[in-house]
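Let me begin by presenting the structure, written as structure tokens, before commenting on it.
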Amino acid sequence: MKEKIPVLYNRKEECCGCTACYAICPKCAISMQEDEEGFEYPLIDENKCVGCFRCIKVCPLKETN
Ligand code: SF4
Ligand code: SF4
């Protein structure tokens, strides 16, 4: 069965584009993608992600911190 994939943000207000998740991912599963306004948001490659949730733990905008 596939590992659980974290949700980095549901709304763009929940992400400030700091790239911390991108930087910490041990599998390089996160890439930063520019939206139509030129802001970068992280996108998880579900085929690379192993569900370690380090990206969620490092995110400054998650309440779990
Ligand atoms: S859960 Fe782990 S492997 Fe998956 S995107 Fe986050 S840091 Fe990377
Ligand atoms: S760590 Fe959080 S705020 Fe920073 S880019 Fe990733 S999801 Fe966005």
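Of the residues making up segment 1-17, those that are within 14 Å of ligand 1 (Cβ to nearest atom), among the hydrophobic types (A, V, I, L, M, F, W, C) and under 17 Å from residue 60 (Cα atoms) are 7, 8, 15.
Please tell me if residue 32 is at pLDDT 95 or above and of a type in the set (A, V, I, L, M, F, W, C).
Numbers: at pLDDT 95 or above: yes; of a type in the set (A, V, I, L, M, F, W, C): yes.
Answer is yes for this residue.
Residue 38 meets the conditions (1) assigned to a loop (DSSP other than H, G, I, E, B); (2) on the phi < 0 side of the Ramachandran plot in every case but one. The failed one is (2).
Restricting 59, 25, 16 to those that are more than 10 Å from the chain's Cα centre (by Cα), surrounded by 14 or more Cβ atoms within 10 Å (Cβ to Cβ) and within 13 Å of ligand 2 (Cβ to nearest atom) reduces the list to 16. Taken over segment 1-35, residues that are without any contact (Cβ under 8 Å) to a residue 12 or more places away in the chain and not aliphatic (A, V, I, L, M) amount to 5. Of all residues in segment 42-57, those that are of a type in the set (A, V, I, L, M) have Cβ atoms under 9 Å from Cβ atoms of residues that are assigned to a helix (DSSP H, G or I) and surrounded by 13 or more Cβ atoms within 10 Å (Cβ to Cβ), 6 or more apart or on another chain, in 44/21; 44/55; 56/21.
When residue 52 is tested against (1) more than 10 Å from ligand 2 (Cβ to nearest atom); (2) surrounded by fewer than 14 Cβ atoms within 10 Å (Cβ to Cβ); (3) not charged (D, E, K, R), only condition (2) is not met.
Out of segment 41-56, which residues are among the hydrophobic types (A, V, I, L, M, F, W, C) and over 10 Å from the mean Cα position of the chain (by Cα)? Step through it out loud before you land on a result.
Restricting attention to segment 41-56, the residues satisfying the condition of being among the hydrophobic types (A, V, I, L, M, F, W, C) are 43-44, 49-50, 52-53, 55-56.
The answer is 49, 50, 52.
Is it the case that segment 25-34 has a residue that's in a loop (DSSP other than H, G, I, E, B) and more than 9 Å from ligand 1 (Cβ to nearest atom)?
Let us first name the residues in segment 25-34 that are in a loop (DSSP other than H, G, I, E, B), namely 25-29.
Filter once more, so that each one left must be more than 9 Å from ligand 1 (Cβ to nearest atom): none.
There is no residue in segment 25-34 that is in a loop (DSSP other than H, G, I, E, B) and more than 9 Å from ligand 1 (Cβ to nearest atom).
The values are calculated or read from the model by the stated rules, or taken from the named source; none is laboratory data. Keep in mind the model is a prediction, meaning the values are calculated, not measured. Every residue, glycine among them, receives a Cβ derived from its backbone with ideal geometry; neighbour counts consider all protein chains shown.
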